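Provided herewith is a single structure, encoded as structure tokens, for subsequent inquiry.
The values are calculated or read from the model by the stated rules, or taken from the named source; none is laboratory data. Predicted, not measured: the structure shown is a model, and the values here were computed from it. Here the Cβ is made from the backbone with ideal geometry for all residues, glycine too, and neighbour counts use every protein chain on show. Areas reflect the complete protein model, heavy atoms only, side chains present, ligands, DNA and RNA absent. Shrake-Rupley method; radii C 1.70, N 1.55, O 1.52, S 1.80 Å.
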Amino acid sequence: MSNHDAEILLVEDSMEDAEMTIRALKKVNLANKLVHVKDGREALDFLFGTGSYAGRDAKNVPKVILLDIKMPKVDGIEVLKQIKANDNTKFIPVVIMTSSSQEKDIVTSYELGVNSYVVKPVEFESFAKAVSELGLYWLLINRIATDNR
Amino acid sequence: MNQSEILVSGKKQSLLRGLSIQQRLPLLICILLLSTVVAVGIAAYFGVKQSSFRIAGDRLKTVAGQLSSIYGQTSVSAMLSSKTIANEEPIKKYLQSPGSVPDSIAKISLRKLQTDTQSLYVELLDKNQQRLLRAGRPGFETGISGQALLAELQLTPDSARVSKMKQVGDSLYYAIVSTVTADKQIIGYVLRWRIAFTTEQGLRQFSQLLGTDASLYLGNIDHSGWTDLRKPVNAPPENVYDTASYYTYSREGIGPVIASARPIPNTEWVILIEFPQRTILEAARRFAGWILIIGGFITIIGIIIGWFMSRNITRPLKQLTAAATTIASGDYSSSVEVDRKDELGELARSFTIMSTQIKNAKENLEQKVKDRTQELEIVNKELEAFSYSVSHDLRAPLRAINGYAIMLKEDYGDKLDAEAERILSTIMSNAKMMGQLIDDLITFSKTGAKIISNQWIDMREMAQSCVDELTRMEPAGKYHISIDDLRPCKGDSNLIKQVWMNLVGNAIKYSSREEMPSIHIGGYEDDTHCHYFIKDNGVGFDMQYASKLFLVFQRLHTDAVYKGTGIGLALVKRIIDKHKGTIRAESAPGHGATFYFSLPKTSES
């Protein structure tokens, strides 16, 4: 799996959540081109080819970003802002994943142009289902969009 | 005080009450001064009138006395001269021995009595009162018979008298009659006929003596023959002959007069001096007029002073009123500037202190409210942050526990025996349970802080949709649920939906083990509230625990039989409380339960 060629960028600070997410995506064969970064700073570095990802071709953008909101250093909302502010990344579909259904988070992220939203339920099955459906959906949409170019 | 007076005073009071102080004070001063002025004016008028009358009367009396004595002396000298000349020798001889003295000689004597313009003629009568001679204005006769005149006078020998004045036509005549006496026998009479009128010069002299307005009258004591020395005039009232006092009466052509009369000594005449009251009253009137003018002037000054005084009083009052109005409208910055040392100044200072204190108190209050609000906001934010982190952070490990348990089951399921699998599923169900608990708790805490909206809710439709939603997963026909026609009510539809969901959910849950689960949803209303109830035939509960029913985490059934977090009814109660409604439950173990809740008909938003 190349760090520099990703279809799915998973931004998640919780190793357990990340593992469960990857496991869910694996089940539907979507995890082979997945890059997992552990916080917002790293996510931005990856997307813009800076910091530890210096030299990475920023033009090579992932097809979908799964973004956790509550993270140390740079949180999901800030990452979302920067993604949507950059011409190179603003068209990447972003799916927000969060533990809470706090209205504030939802409103803020929709204002910032998030494409989808999923609350991580305690029941793993439904979470896995939601994640895999979303991942599949957005990847397929993107493929169609790319193919039609 | 009789009733009409009370009425009048009451009316006056209400009239005064309608006026402002600024109008009242000058009005009072005006009334006071005017009444004083009028009273003084009237008193002065009558006082001056009375004293003027007295002075004028005294003067009239004096003048009348003086004039009557002058007249008396004049008549005495006239009678004396008449007597002297009448008893001159030629006349005596002419009478004693007719023919001894020629007529012309006798006439010379007689003509001596023709002294002034008032003299008309002189006649000589014999003792039989027959005219012998006549001297004077030729051809003029008074037409009064000498005999008649003498009969009135009843002369004694060696005497002379002045006759009454006799009116003949427009003229008045009198005669100074003297006897001609020889040897104490009357041998003849000399009659000096005179006109009672005087010349303009004579009248002028009287005027100078008496003053221009005064008039002099002469008349007989028997009330006849009155004249103003120009022409005959009407007689004055009869009581005028009493000389002790002065009199007032009305004279034709002149009006009211004051008069004094005095008999002229040695004659049968009366002298009367009249003075028009107009002149005397004029003085009194003029005096009263002056008083009125001065009084009016004082009144006007009084009103002006009163106006300024009352303005002086009302201006600070107005300022106070304006300041009070400003304060009442919420502006506490206004103060009253009254630079005075009197009671009003004191009031204004007190007012300013009061308004300052109110201002300070309000500012303090505002500051306190601000502080409290800030504190509350901080607490609220902390609470929000807390519930946020609870919802995030407590759920993450739960998710991991559940997720990893599933992974274990999926990846190593074939290696686990039945007991291991039971333990694993217990772990999973508890993790799920805790997730539910956290969700419920967050909902519960959010409900407390939520501002409720207020709209019309179709309660029947809402109850029906809750029933549909909750029985979707149940086998068809398991529950017999009837819903009556429910009255719509006002409330927050999201929250009321939560109430229906929880209550109907409870009814379904606690009747699920019955053979024929039956639920009845109904309602009724009274004047103030709409009431709704949900009745089931489930397990029910013991009423002695009813007080614990609506408390958080209080459950009357064990988890093993009926799953639950113990938050549902607490949330329902909180929502109903927020709507100012009521909730209660009736039940007996094994006989089902009925939950009643009510919402006010006019719910405030």
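Test B:SER355 against the stated conditions and say whether it is under 30 Å from B:VAL40 (Cα atoms), crowded, with 17+ Cβ neighbours inside 10 Å and at pLDDT below 85. Quick ask: steps written out before the conclusion?
Values: under 30 Å from B:VAL40 (Cα atoms): no; crowded, with 17+ Cβ neighbours inside 10 Å: yes; at pLDDT below 85: yes.
Spelling it out, it is not the case that B:SER355 is under 30 Å from B:VAL40 (Cα atoms), crowded, with 17+ Cβ neighbours inside 10 Å and at pLDDT below 85.
Turning to a different aspect of this structure: Taking the range B:459-509 only, how many residues are out of contact with any Pro (no Cβ under 9 Å at 6 or more places or on another chain), of a type in the set (Ser, Thr, Tyr) and closer than 30 Å to B:PRO589 by Cβ?
The number of residues fulfilling the criteria is 2.
Could you tell me whether A:ALA18 is more than 14 Å from every other protein chain (Cβ to nearest Cβ), open to solvent by less than 60 Å² (accessible area, probe 1.4 Å) and among the aliphatic types (A, V, I, L, M)?
So A:ALA18 fails the test.
Kindly list, by first and then second residue, each pair from a residue in the range B:59-88 that is within 30 Å of B:GLN185 (Cβ to Cβ) to a residue that is part of a helix (DSSP H, G or I), limited to pairs with Cβ atoms under 7 Å and residues at least 6 apart or on different chains.
That search, which allows pairs on different chains as well, returns B:ILE85/B:SER109; B:GLU88/B:SER109.
Out of all the residues in the range A:93-108, is one or more part of a strand (DSSP E or B), open to solvent by less than 30 Å² (accessible area, probe 1.4 Å), within 14 Å of chain B (Cβ to nearest Cβ) and hydroxyl-bearing (Ser, Thr, Tyr)?
yes
Name the residues in the range B:152-162 that are without any contact (Cβ under 8 Å) to a residue 60 or more places away in the chain and either open to solvent by 20 Å² or more (accessible area, probe 1.4 Å) or of a type in the set (Ser, Thr, Tyr) (or both), would you? So that I can check it myself, show each step before the final result.
Kept after step one, since they are without any contact (Cβ under 8 Å) to a residue 60 or more places away in the chain, are these residues of the range B:152-162: B:152-157.
The answer is B:GLU152, B:GLN154, B:LEU155, B:THR156, B:PRO157.
Identify, by number, the condition in (1) open to solvent by 90 Å² or more (accessible area, probe 1.4 Å); (2) at pLDDT 85 or above; (3) over 30 Å from A:ILE106 (Cβ atoms) that B:GLN374 doesn't meet.
It fails just one condition, (3).
Return only the number of the condition from (1) open to solvent by 80 Å² or more (accessible area, probe 1.4 Å); (2) out of contact with any helix residue (DSSP H, G or I) (no Cβ under 9 Å at 6 or more places or on another chain); (3) at pLDDT 85 or above that B:ILE42 does not satisfy.
The failed condition is (2).
How many residues, within the range B:120-138, are open to solvent by 80 Å² or more (accessible area, probe 1.4 Å) and part of a loop (DSSP other than H, G, I, E, B)?
5
Are any residues in the range B:292-345 more than 23 Å from B:GLN357 (Cβ to Cβ) and of a type in the set (Phe, Trp, Tyr), and if so, which ones?
Across the range B:292-345, the qualifying residues are B:PHE297, B:TRP307, B:PHE308.
What are the residues in the range B:518-564 that are open to solvent by 20 Å² or more (accessible area, probe 1.4 Å) and at pLDDT below 80, if any?
Filtering the range B:518-564 down to residues open to solvent by 20 Å² or more (accessible area, probe 1.4 Å) leaves B:518, B:520, B:523-529, B:531, B:533, B:535, B:537, B:539, B:542-548, B:550-561, B:563.
Selection gives B:VAL552, B:PHE553, B:GLN554, B:ARG555, B:LEU556, B:HIS557, B:THR558, B:ASP559, B:ALA560, B:VAL561, B:LYS563.
Still on this structure: I'm trying to understand the selection: among the residues of the range B:155-190, which are closer than 23 Å to B:TRP226 by Cα and part of a loop (DSSP other than H, G, I, E, B)?
Result: B:SER163, B:LYS164, B:MET165, B:GLY169, B:ASP170.
Take the range B:387-427 and flag every residue that is within 12 Å of another protein chain (Cβ to nearest Cβ) and surrounded by fewer than 12 Cβ atoms within 10 Å (Cβ to Cβ).
Answer for the range B:387-427, where residues must be within 12 Å of another protein chain (Cβ to nearest Cβ) and surrounded by fewer than 12 Cβ atoms within 10 Å (Cβ to Cβ): B:GLU410, B:ASP411.
So which residues in the range B:336-349 are open to solvent by less than 60 Å² (accessible area, probe 1.4 Å) and not aliphatic (A, V, I, L, M)? First the steps, then the outcome.
Step one: list which residues in the range B:336-349 are open to solvent by less than 60 Å² (accessible area, probe 1.4 Å), which gives B:336, B:338, B:340, B:342, B:344-345, B:348.
Once the filter is applied, which keeps residues that are open to solvent by less than 60 Å² (accessible area, probe 1.4 Å) and not aliphatic (A, V, I, L, M), the range B:336-349 yields B:ARG340, B:ASP342, B:GLY345.
Is there a residue in the range B:273-293 that is of a type in the set (S, T, N, Q), open to solvent by 20 Å² or more (accessible area, probe 1.4 Å) and within 30 Å of B:VAL76 (Cα to Cα)?
Among the residues of the range B:273-293, not one is of a type in the set (S, T, N, Q), open to solvent by 20 Å² or more (accessible area, probe 1.4 Å) and within 30 Å of B:VAL76 (Cα to Cα), which makes the answer no.
Identify the residue in the range A:21-58 that is out of contact with any Leu (no Cβ under 7 Å at 6 or more places or on another chain) and over 22 Å from A:ASN86 (Cβ atoms) and, among all such residues, is least open to solvent (accessible area, probe 1.4 Å).
A:ALA24
Please list, ordered by first then second residue, the pairs with beta carbon atoms under 8 Å, 6 or more apart or interchain, first in the range A:121-149 and over 11 Å from A:LEU30 (Cα atoms) and open to solvent by 100 Å² or more (accessible area, probe 1.4 Å), second in a helix (DSSP H, G or I) and at pLDDT 75 or above.
Short answer, once both residue conditions are applied: A:LYS129/A:ALA24.
Could you tell me whether the range B:301-312 includes any residue that is open to solvent by less than 80 Å² (accessible area, probe 1.4 Å), under 25 Å from the mean Cα position of the chain (by Cα) and over 30 Å from B:ILE42 (Cβ atoms)?
Looking through the range B:301-312, at least one residue is open to solvent by less than 80 Å² (accessible area, probe 1.4 Å), under 25 Å from the mean Cα position of the chain (by Cα) and over 30 Å from B:ILE42 (Cβ atoms).
Counting only residues that are part of a loop (DSSP other than H, G, I, E, B), over 25 Å from B:MET516 (Cβ atoms) and in contact with a helix residue (DSSP H, G or I) (Cβ under 8 Å, 6 or more places away or on another chain), which one in the range B:565-605 is most open to solvent (accessible area, probe 1.4 Å)?
B:THR565
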